[in-house]
Amino acid sequence: MTTETNRSPSAPPPPAPAGGSPAVPHRLILPTVLAGVFITTLDFFIVNVAIPSLQTDLKASASAIEWVVAGFGLAYGVGLITGGRLGDLYGRRKMFLLGLGLFTVASLLCGVAESGGFLVSSRVLQGLAAALLAPQVLALLGTVFTGAARLKVFAGYGLAMGLAAVFGQLIGGLLIEADIAGWGWRSCFLVNLPLCLIIMALTVKVVPEARAEGRPKLDLPGVVVVTLALVALVLPLIEGREAGWPLWTWLSLGAFVVLIAAFVGIERAIAKKGGSPLVNIAMFGDRPFVVGLACQLVFWMGQASFFLVLALYIQAGRGLTALEAGLLFAAIGAGYMYTSMSATKFAAKLGRQVLAVGALLMAVGLVILGITVARLGDGGSIAWLIPGLVIDGAGMGLAVAPLASTVLARVNPQYAGSASGVLTTGLQIGNSIGVAVIGVIFYNALGDAPDTSAYAHAFDMGIVFLVAVAAVLALLVQALPKTTDGK
């Protein structure tokens with residue numbers, strides 16, 4: 001049985017240890033800690049509306065642009081479980097502060113970047129900082145809040161992430177339009193500096209320290225091997241198309257298989273010796289977990305990838321400004337807010353099928369979008385996209401909130417901690433893989449001399465992929481057990 005050291009941000013923390021929390025939590029603890037997860041989630045999505053202008057400014061290649069999005073998600077996903085373990089070892093508030101500090105530095109580096117390569121490197125550092133910060137959030141709050149208050153905390157956590165994701169593009173558009181001090185797209189990163197400093201100051205003042213019981217060890221071999229494996233998978237997917245799929249891309253994909261096999265062997269050996277493996281391999285024999293992980297990967301493959309191609313179509317293809325693009329993205333947020341507020345109630349009535357309903361709603365919205373873009377051609381009001389965007393957002397809101405809880409409720413309780421860590425890692429890796437795959441589809445369809453009609457065609461090709469992703473999710477949900485006892 002795994003300990004809490006493998007817990008992720010999506011897993012409810014254990015009861016607070018005796019004497020480990022103040023009798024009356026400071027009223028600023030919740031907004032302070034949630035602000036940390038809000039700003040890191042925001043930075044994954046805010047960059048979408050900045051991509052056209054930063055690509056022009058930095059003369060960045062298509063693969064570099066994909067890495068601006070996927071590099072953050074890959075580093076974030078790879079580091080999540082390790083970040084949680086470091087919090088257990090050295091203190092969660094300490095790691096939260098360290099993560100915020102590194103995130104501040106990385107944001108500054110992103111804001112002053114003068115080349116695509118430097119920006120990508122800075123985004124990877126941002127992702128690693130977010131991976132250090134994020135696992136501490138619910139672990140910290142779980143030592144402070146108990147009973148009914150803890151349930152409200154979890155609801156606030158989900159709302160903070162959802163708001164950051166769906167309104168990130170609008171916030172980015174507003175910042176670019178304001179053009180503070182002539183920063184343009186750089187303001188999307190530089191705005192983090194004062195915000196992070198305020199959060200850090202409040203954390204020192206109001207957030208108590210917390211550590212895990214015992215002294216779990218850090219599985220360094222596991223960290224190294226799984227990191228290499230994930231890079232070996234995503235790197236050729238992003239670079240392969242532009243490079244013409246040379247031999248190294250296929251060797252890299254083959255190395256992924258070898259490295260994953262090595263990782264499994266390492267984790268089994270550590271567990272056999274009574275150590276603390278990064279991932280409990282035994283849980284992969286639990287069907288609900290395997291199906292749930294597949295659901296998590298598939299769902300998130302369609303999120304960042306959709307936001308990326310939509311931003312490219314409406315800005316590079318239709319000439320919208322960053323602010324206009326952000327306002328159009330708000331239509332997704334409207335649909336998301338409408339259903340996410342009631343998603344828990346729907347989940348209580350529909351069980352696992354709430355995920356299927358959400359996936360089908362997304363598919364309907366995407367089909368409407370594809371038809372609309374095809375009919376608009378080179379002209380027509382971009383406002384015709386709003387109905388499809390609202391429906392797609394409604395599907396997201398219905399699926400994203402219950403996804404982790406619906407899956408974890410059907411997983412064997414002895415694997416809950418490790419399962420939640422892997423599922424949350426699957427979220428970020430799914431985003432990265434989705435961006436890589438849709439990048440291949442989109443840029444192949446776009447061609448070398450794109451015009452408005454080329455962008456519309458490339459976007460529609462991306463829609464085909466996204467509809468397929470939604471359909472696969474709806475089918476996968478049917479393989480989950482009907483009840484929480486695994487039956």
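Are any of the residues in segment 370-386 closer than 29 Å to Tyr76 by Cα, touching a Leu at 6+ places or on another chain (Cβ under 9 Å) and part of a helix (DSSP H, G or I)?
No, segment 370-386 contains no residue that is closer than 29 Å to Tyr76 by Cα, touching a Leu at 6+ places or on another chain (Cβ under 9 Å) and part of a helix (DSSP H, G or I).
Given the structure, is Ala35 at negative phi, small (Gly, Ala, Ser) and at pLDDT 85 or above?
yes
Of all the residues that make up segment 357-382, how many are surrounded by fewer than 20 Cβ atoms within 10 Å (Cβ to Cβ) and touching a residue at least 40 places away in the same chain (Cβ under 8 Å)?
Within segment 357-382, residues that are surrounded by fewer than 20 Cβ atoms within 10 Å (Cβ to Cβ) and touching a residue at least 40 places away in the same chain (Cβ under 8 Å) number 8.
Out of the residues in segment 213-250 that are at pLDDT below 75 and among the acidic types (Asp, Glu), state the one that is farthest from the chain's Cα centre (by Cα).
Checking each candidate, the answer is Glu213.
Which condition does Ile81 not pass, out of (1) β-branched (Val, Ile, Thr); (2) more than 16 Å from the chain's Cα centre (by Cα); (3) crowded, with 24+ Cβ neighbours inside 10 Å, if it passes all the others?
Just one mismatch for Ile81, condition (2).
Might you let me know whether segment 70-87 holds any residue that is part of a loop (DSSP other than H, G, I, E, B) and not basic (Lys, Arg)? Talk me through it step by step, then tell me what you get.
Within segment 70-87, the subset part of a loop (DSSP other than H, G, I, E, B) is none.
There is no residue in segment 70-87 that is part of a loop (DSSP other than H, G, I, E, B) and not basic (Lys, Arg).
Go through (1) out of contact with any helix residue (DSSP H, G or I) (no Cβ under 9 Å at 6 or more places or on another chain); (2) at pLDDT 80 or above; (3) among the hydrophobic types (A, V, I, L, M, F, W, C) one by one and return the number of the condition Ala449 breaks.
Only one criterion is unmet by Ala449, namely (2).
Do we find that Ala210 is under 27 Å from Thr41 (Cβ atoms) and out of contact with any Lys or Arg (no Cβ under 9 Å at 6 or more places or on another chain) in this structure? Walk me through it before giving the result.
Values: under 27 Å from Thr41 (Cβ atoms): yes; out of contact with any Lys or Arg (no Cβ under 9 Å at 6 or more places or on another chain): no.
Spelling it out, it is not the case that Ala210 is under 27 Å from Thr41 (Cβ atoms) and out of contact with any Lys or Arg (no Cβ under 9 Å at 6 or more places or on another chain).
Do we find that Gln136 is in contact with a Cys (Cβ under 8 Å, 6 or more places away or on another chain), modelled with pLDDT of 80 or more and not aromatic (Phe, Trp, Tyr) in this structure?
When the stated conditions are applied, Gln136 does not pass them.
Answer yes or no: is there a residue in segment 108-118 that is part of a loop (DSSP other than H, G, I, E, B), within 22 Å of Ile433 (Cβ to Cβ) and hydroxyl-bearing (Ser, Thr, Tyr). Walk me through how you get there before you give the answer.
Pass one, segment 108-118, residues part of a loop (DSSP other than H, G, I, E, B): 112-115.
Next, only the ones that are within 22 Å of Ile433 (Cβ to Cβ) stay: none.
No, segment 108-118 has no match at all.
Residue by residue through segment 105-142, note down the ones that are over 24 Å from Val223 (Cβ atoms), surrounded by fewer than 24 Cβ atoms within 10 Å (Cβ to Cβ) and not aromatic (Phe, Trp, Tyr).
Leu108, Gly111, Val112, Ala113, Glu114, Ser115, Gly116, Gly117
Of all residues in segment 90-101, count the ones that are surrounded by fewer than 19 Cβ atoms within 10 Å (Cβ to Cβ) and part of a helix (DSSP H, G or I).
Residues flagged as surrounded by fewer than 19 Cβ atoms within 10 Å (Cβ to Cβ) and part of a helix (DSSP H, G or I) within segment 90-101 amount to 3.
Sort through Ala165, Ala181 and tell me the only one that's of a type outside the set (Lys, Arg) and modelled with pLDDT under 85. Give the steps one after another, and end with the answer.
On the way: Ala181 fails: modelled with pLDDT under 85.
One residue alone meets the criteria, Ala165.
Return only the number of the condition from (1) of a type in the set (Ser, Thr, Tyr); (2) over 24 Å from Ile51 (Cβ atoms); (3) modelled with pLDDT of 90 or more that Ser115 does not satisfy.
Tallying (1) of a type in the set (Ser, Thr, Tyr); (2) over 24 Å from Ile51 (Cβ atoms); (3) modelled with pLDDT of 90 or more, Ser115 fails exactly one: (2).
The values are calculated or read from the model by the stated rules, or taken from the named source; none is laboratory data. Computed from a predicted model, the values in this text were never measured in an experiment. Glycine gets a Cβ as well: all are built from the backbone with ideal geometry, and neighbour counts include every protein chain shown.
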